Amino acid sequence: MKKTLITTLIAGTFAVSAQAADYDVQVMAGAGFDKSGSIAIETHIDKTWIVGVQGNFGGGKDLENYQHRAEADNYFDYKGTQTNNQGTLYGGYRFKEGALEGLSLRAGATYTTITSYQVAEGLRDGSPLKLEDKSKSTGVAPFVGIGYEVYKDVSINLTHTFGTTKHEFVGFTGAQDLNSSVTSLLVGFKF
């Protein structure tokens, strides 16, 4: 289902741009401050209106590690990781004249998938115990971006997705709001 949706969005982006009399295609690549890779492709219809898609893949962080020590023969060490993958559909406007020439603004929506993995190891009543939990959650959050054409057909772009995603840890701490915000810096090349 997700692959079909992404394929449809990309095909729709190019179908709209192919019908425009005057358009550019911009390809962007960069990185998110959450260690994710970022790629984007967008069309500039009439060289001003922007329609695009962006993906951030492989970002994440270590979850807070903690220890629970009730007694000498009852204790647990908790460790975990969180991985974020995001797909964004957005629109925007690029100024092509005047004092703001080269500046572009973007806004849209981001679909986020968070996968977490947690491990608890310790002793329960003196016996070794290891529990593992892998959970997945999804959410939609707002997206904004700003860019500037620093040289003919080359731009620098800063994007940000806001939000938290409600995440259910199946075997451990219950539901938590995990930070799914990502700020990315991308370099764009226009064709």
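Yes or no, residue by residue, for (1) farther than 30 Å from Phe189 by Cα; (2) in contact with a Gly (Cβ under 9 Å, 6 or more places away or on another chain):
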{"residue": "Asn74", "(1), (2)": "yes, yes"}
{"residue": "Lys79", "(1), (2)": "yes, no"}
{"residue": "Tyr93", "(1), (2)": "no, no"}
{"residue": "Glu97", "(1), (2)": "no, no"}
{"residue": "Leu100", "(1), (2)": "no, no"}
{"residue": "Ala109", "(1), (2)": "no, no"}
{"residue": "Glu121", "(1), (2)": "yes, no"}
{"residue": "Gly126", "(1), (2)": "yes, no"}
Across (1) in contact with a Phe, Trp or Tyr (Cβ under 9 Å, 6 or more places away or on another chain); (2) assigned to a strand (DSSP E or B), Gly55 clears everything bar (1)
So which pairs qualify, if the first residue must be in the stretch 84-109 and farther than 14 Å from Glu149 by Cβ, the second must be of a type in the set (Asp, Glu) and open to solvent by 10 Å² or more (accessible area, probe 1.4 Å), the Cβ gap must be under 8 Å, and the two must be at least 6 apart or on different chains? Asn84/Asp34
Those residues of the stretch 124-169 which are more than 30 Å from Glu97 (Cβ to Cβ), without any contact (Cβ under 8 Å) to a residue 40 or more places away in the chain and open to solvent by 80 Å² or more (accessible area, probe 1.4 Å), in sequence order: Pro128, Lys130, Glu132, Lys134, Lys136, Val140, Phe162, Thr164, Lys166, Glu168
In the stretch 87-119, which residue that is of a type in the set (D, E, K, R) and assigned to a strand (DSSP E or B) is farthest from Thr164 (Cα to Cα)? Arg94
Working only within the stretch 32-50, note down all residues that are surrounded by fewer than 17 Cβ atoms within 10 Å (Cβ to Cβ) and small (Gly, Ala, Ser). Gly37
Note on Glu121: of the conditions (1) surrounded by 15 or more Cβ atoms within 10 Å (Cβ to Cβ); (2) touching a Leu at 6+ places or on another chain (Cβ under 9 Å); (3) not aromatic (Phe, Trp, Tyr), unmet is (1)
Here's a check for you: in the stretch 135-191, which residue that is among the small types (Gly, Ala, Ser) and under 16 Å from Thr113 (Cβ atoms) is modelled with the highest pLDDT? Ala141
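The values are calculated or read from the model by the stated rules, or taken from the named source; none is laboratory data. Small disclaimer: the values here were computed from a predicted structure and weren't measured. Cβ atoms come from the backbone with ideal geometry, glycine included; neighbour counts cover every protein chain shown. For accessibility, only protein heavy atoms count, side chains too; no ligands or nucleic acids. Shrake-Rupley method; radii C 1.70, N 1.55, O 1.52, S 1.80 Å.
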